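Working notes, beginning with the structure itself.
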Amino acid sequence: MKVFINKIIPDHGLGLLKQAGVEVTMWREPSVLTREQAIAFCKDHDAFLSAGQAGLDEGFFRECSHLKVVALHSVGFDGVDIAAATQLGIPIGNTPNVLNKATAETALLLMLTVARRALYLHRKIKKGEWGVSQPTQDLGFDLAGKTLGIVGLGRIGAELARMCTQSWGMKIVYHNRTRNEEAEKEFGATWLPFEELLEQSDCVSVHTALTEETRGLFGYEQFKRMKPSAIFINTARGGVHREDDLIRALRERLIYGAGLDVTDPEPMSPDSPLLQMDNAVVFPHIGSSTVETRNKMSRCAAENILAGLKGERLPYPVNPEVYS
Ligand code: NAP
């Protein structure tokens, strides 16, 4: 059995595949494969482990309908035509839960960085502008006691709620399509209509998947509804906010600041005005980028591949309906 891996994954997962006697081809070049190159490799393999690949659309799955399994090295599966894969009987796997803490920490890191103006102050020192510190100068604000609005209170959102209630005594309000009663019990979280959440939150953090429903969810009107003292954080997907509207909202000081781990497009252009702004912080999609988390993700992906190759149910299936 042969698996094709389109990027360099940690030895944890790789070792698992090799121990099981699976033949592995791993694309080690620094360039990203085109859709056509990925198809060509997949045609010669039984399984595909994808650490981010554009064009996993219906055409891709039709060309590669022989694949016994496609294992994503991520929890998100936007950009993958799940319905087409299911129709062709291809199980798709992902890596849920193991990255909850790392991604929630990234959101928290962005919240703190923006609230305490850390990047702006770092730049100020670099420019030789430390100067005389006045007690009234360069003040940020406390997260303690503030209201955190979570849009998409699922696995990662819950982890962030846990950290922010336990360590900062923040009040949690949230918006999902369905009520999360477990979170309501654990964090005393209050469900609010989307617009009310925007109006009441001191920090809004997005944790929904990118879907047709959530694409462009945050535009100028939504930023305008937020408090001028509030922070916008996105560690979900760049497509959930409209970047031009965010830039305009920050320029007009409609909100206090923004922290992004995800941008639209990715990679972000070095010319983006967001990179010049004092009230914006951008990371290059590092939500799950810790050694421990990436090791665990590679294991999940390898476990999905091994199960799929054996014709068994994947341990972490995205489309369990493929079995019915
Ligand atoms: P999850 O457990 O499925 O949580 C997603 C939450 O979003 C659910 O509670 C869902 O509740 C809610 N939701 C979905 N559609 C919604 C809508 N239209 N309006 C309001 N709420 C909606 O997923 P997760 O594991 O926490 O991951 C969330 C996302 O984070 C992933 O899809 C991925 O894109 C992103 N992510 C990013 C990184 C990174 O590196 N930055 C790392 C990991 C994950 P309802 O179904 O009740 O609406």
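Things worth noting here:
- Residues (touching a Gly at 6+ places or on another chain (Cβ under 8 Å) and either touching a residue at least 60 places away in the same chain (Cβ under 8 Å) or open to solvent by 60 Å² or more (accessible area, probe 1.4 Å) (or both)) located in region 1-31: Met1, Lys7
- The set of residues in region 102-142 being more than 26 Å from Thr235 (Cβ to Cβ) and either among the β-branched types (Val, Ile, Thr) or within 16 Å of the ligand (Cβ to nearest atom) (or both) consists of Ile125, Val132, Thr136.
- Residue within region 227-249 that is small (Gly, Ala, Ser), touching a helix residue (DSSP H, G or I) at 6+ places or on another chain (Cβ under 8 Å) and either over 23 Å from Glu212 (Cβ atoms) or without any contact (Cβ under 8 Å) to a residue 24 or more places away in the chain (or both) present: yes
- In this entry, Leu306 is excluded by the filter for residues that are of a type in the set (A, V, I, L, M, F, W, C), open to solvent by 10 Å² or more (accessible area, probe 1.4 Å) and not in a helix (DSSP H, G or I).
- For region 53-72, a residue qualifies if it is within 16 Å of the ligand (Cβ to nearest atom) and either open to solvent by 40 Å² or more (accessible area, probe 1.4 Å) or farther than 21 Å from Val240 by Cβ (or both), and the qualifying residues are Ala54, Ala71.
- Against the list (1) open to solvent by less than 50 Å² (accessible area, probe 1.4 Å); (2) within 16 Å of the ligand (Cβ to nearest atom); (3) out of contact with any Leu (no Cβ under 9 Å at 6 or more places or on another chain), the condition His175 fails is (3).
- Residue within region 82-91 that is at pLDDT 95 or above, within 16 Å of the ligand (Cβ to nearest atom), more than 19 Å from Gly257 (Cβ to Cβ) and of a type outside the set (D, E, K, R) present: yes
- Filter result for Asp278 (among the charged types (D, E, K, R) and surrounded by 20 or more Cβ atoms within 10 Å (Cβ to Cβ)): no
- For region 143-168, taking the residues that are of a type in the set (Val, Ile, Thr) and within 12 Å of the ligand (Cβ to nearest atom), the one that is surrounded by the most Cβ atoms within 10 Å (Cβ to Cβ) is identified as Ile150.
The values are calculated or read from the model by the stated rules, or taken from the named source; none is laboratory data. Please read all numbers here as calculations on a predicted model, not as lab measurements. Using ideal geometry, Cβ is built from the backbone for each residue, glycine included, and neighbour counts are taken over all protein chains shown. Areas reflect the complete protein model, heavy atoms only, side chains present, ligands, DNA and RNA absent. Shrake-Rupley method; radii C 1.70, N 1.55, O 1.52, S 1.80 Å.
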